[in-house]
Amino acid sequence: MIDLFLRKGADHRLRGGHLWVYSNEVDSQRSHLSGYSAGDLVAVRNANGKLLGSAYMEPSALICARMYAPGEQRAMDTPFFTSRLEAALAMRQAAFEKPFYRLVYGDSDTLPGMIIDRFGDYLVMQLNNSGLERYCEPLLAALIATLQPRGILLRADSRSRREQGLSTDSAVVYGEVPQHVALEENGVQFLAPVFDGQKTGWFYDHRMSRARLANWVKDKSVLDVYSYIGGWGVQAAAFGATEVCCLDSSAQALEGVDANARLNQVESRVVTRRGSAPETMAAMVAQGSRFEVVILDPPAFIQRKKDLKKGIAAYRRINDLGLQLLQPGGLLVSASCSMHLSRADLMTAMQQAAVRADCGIRVVEQGAQGPDHPIHPAIPETEYLKAVFARKV
């Protein structure tokens, strides 16, 4: 294993539990980055030569090395992956009765750059940098030995891979995987389009907040904005909502809503509407539409920190429209998956939206990512999800 030496004083974050090495922290005299290739395994050492842990290299990236074995020198082989997967699996099995969850959540499972979602007997995997690709074979061996899946799909079309200029061709790398796989969340059945749906085909992260809908939607009318395939809306119908409107710009996503509504025998209470969320919501306001529950779960409006101001304005805009569509006393569920947007900023945007909508709001519940998306205390980036339940007053 090659050594990677850091500059004097540059080991502070790693000693505190962080897992990333930035290129400007490397001692370029002792460890010139041009001498490494993506995926090279290195023993990360401080200026005095003390071992900090093992990492794999991404020498052309700002984060040039990612630690996978803090405090030890260890190969990234099948026994390593097996031990990590067994630990990740034990954590999920303690939290969930059924095998539908995010099995691996990158840095939080000390498997940086890797995402694996489990759909019963099927796994959907993302390797979000080129360094990890060199270790696909031992990883697959560990997955097969640990979980005995019927099939493993490698989704290679993530934004991270596109930005790095990596291949975006997805492929079944083990067994067979159907176009749609079954899952269960909060007692509700779904079919996820794992080959061409968003991300891995499903979003497990809001599971806990969606479960809380059961207390709020019975005998209510519900609008689910940015509905995708009905994660919120179909569950609302299953929990007793009298009518649910799912709004999304994707025809394919809305076909998924219809299929999942039929799967749960709630199709008579679920309708779909296709269009741009802000434009369609504005038209609905003009038409006099009103709902007793409005759910806003948009894509990340803030991809980079420099987009914060523009992104907050976008959150404020959709919350304004959501409140205008909400009956007095109704419930607004406002969510964000933008890591750069703090919970306080989201609440501020909601309050500003309430002022614009000439009403008040009171926060009655808050939600966050579930236990299959554990937060690494030393890596704030692992905490990204917010959901705020607010009553219109």
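No value in this document is a laboratory result; all are computed from the given coordinates. Model, not experiment: these values are computed from the prediction. Here the Cβ is made from the backbone with ideal geometry for all residues, glycine too, and neighbour counts use every protein chain on show.
Answer with one residue from Gln252, Gln235, Ala344: the one whose Cα lies farthest towards the positive end of the charge dipole of the chain, charges on Cβ with Lys, Arg +1 and Asp, Glu -1.
Toward the positive end, the furthest listed residue is Ala344.
Can you give me the relative contact order of the range 2-70 as a percent, contacts being Cα pairs under 8 Å and 6 or more apart?
RCO, the range 2-70: 37 percent.
Under the 0.36 nm per residue contour assumption, what length would be gained going from the current alpha-carbon distance of Gln29 and Asp307 to full extension? Could you put the intermediate results ahead of the total?
Values: separation 278, 0.36 × 278 = 100.08 nm, distance 3.59 nm.
Gain on stretching Gln29 to Asp307: 96.5 nm.
Can you give the Rg and Dmax of the range 2-70 based on its C-alpha atoms, in angstrom?
Rg and Dmax of the range 2-70, Cα atoms, are 10.2, 28 Å.
In degrees between 0 and 90, to the nearest 10, how far off the longest principal axis of the chain does helix 251-263 point, with axes built from Cα atoms?
Taking Cα atoms only, the helix is inclined about 70 degrees.
Starting from the 7 Å offset along Cα-to-Cβ, what nm value, one decimal, do you get for the label separation of Cys136 and Ala182?
About 3.0 nm separates the two model spin labels.
What relative contact order, as a whole-number percentage, does the range 78-177 give when Cα pairs under 8 Å and 6 or more residues apart are counted? Please list the in-between numbers first.
Numbers: 165 pairs, mean separation 23.3, N = 100.
So the answer I get is 23 percent.
What net charge do the residues around Gly17 carry, taking every other residue with its C-beta under 13 Å from that of Gly17, with Lys and Arg at +1 and Asp and Glu at -1?
With Lys, Arg at +1 and Asp, Glu at -1, the neighbours total 0.
Can you give the FRET efficiency for Ser289 and Glu163, using 1/(1 + (r/R0)^6), R0 = 45 Å, r = Cβ-Cβ distance, to the nearest 0.05?
Result of the calculation: an efficiency of 0.70.
Can you check what the Kirkwood hydrodynamic radius comes to for the chain, Cα pairs only, in Å to one decimal?
Here the Kirkwood hydrodynamic radius works out to 22.4 Å.
How many times 2.2 N^0.38 Å is the alpha carbon radius of gyration of the range 319-369?
Against the empirical 2.2 N^0.38 Å value, I get 1.12 for the range 319-369.
Can you check what the net charge comes to around Asp224, using other residues whose Cβ is under 9 Å from the Cβ of Asp224 (Lys, Arg +1; Asp, Glu -1)?
Here the charged neighbours net out to -2.
What residue among Gln126, Gln164, Gln369 has the largest mean-square fluctuation in a Gaussian network model of the chain, using Cα springs under 10 Å?
Gln164
Based on Cβ point charges of +1 for Lys and Arg and -1 for Asp and Glu, what charge dipole magnitude is obtained for the range 182-392 about its Cα centre, in debye rounded to the nearest 20?
Using only the charged Cβ atoms, the result is roughly 700 debye.
I'd like the Karplus ³J(HN,Hα) series for the range 94-104: coefficients 6.51, -1.76, 1.60, θ = phi - 60°, whole numbers in Hz, and an x wherever there's a Gly or Pro.
Result, ordered by residue: 6, 8, 10, 6, 10, x, 10, 5, 7, 7, 10 Hz.
For the chain, find the longest principal axis of its Cα atoms and tell me its angle to the long axis of helix 277-287, 0 to 90°, nearest 10.
In the chain, helix 277-287 runs at an angle near 10 degrees to the longest axis.
Give the distance, in whole Å, between the Cα centre of the range 42-75 and the Cα centre of the range 273-316.
Here the two parts' Cα centres lie 42 Å apart.
On a 0 to 90° scale, report how tilted helix 343-356 is relative to the longest principal axis of the chain, with both axes built from alpha carbons and the result rounded to the nearest 10.
Rounded to the nearest ten degrees, it is 30.
Given a cut-off of 24 Å, what percent of all Cα-Cα pairs of the range 78-177 lie beyond it?
Looking at the range 78-177, the distances longer than 24 Å represent 16 percent of pairs.
Hey, what's the Cα Rg ratio for the range 234-393 versus the globular rule of thumb, 2.2 N^0.38 Å?
Normalised by 2.2 N^0.38 Å, the Cα Rg of the range 234-393 equals 1.06.
Can you give the FRET efficiency for Ala87 and Gln352, using 1/(1 + (r/R0)^6), R0 = 35 Å, r = Cβ-Cβ distance, to the nearest 0.05?
After rounding, the FRET efficiency stands at 0.20.
Place a point 7 Å from Cα of Ala300 in the direction of its Cβ. Which residues in the range 335-353 have their backbone N less than 13 Å from it?
336-342
Please report the projected area of the range 132-258's Cα convex hull averaged over all directions, in nm².
Values: hull surface 36.4 nm².
For the Cα atoms of the range 132-258, the hull's average projected area reads 9.1 nm².
Grab the other residues whose beta carbon is less than 12 angstrom from that of Phe119, score K and R as +1, D and E as -1, and report the net.
Net of charged neighbours comes to 0.
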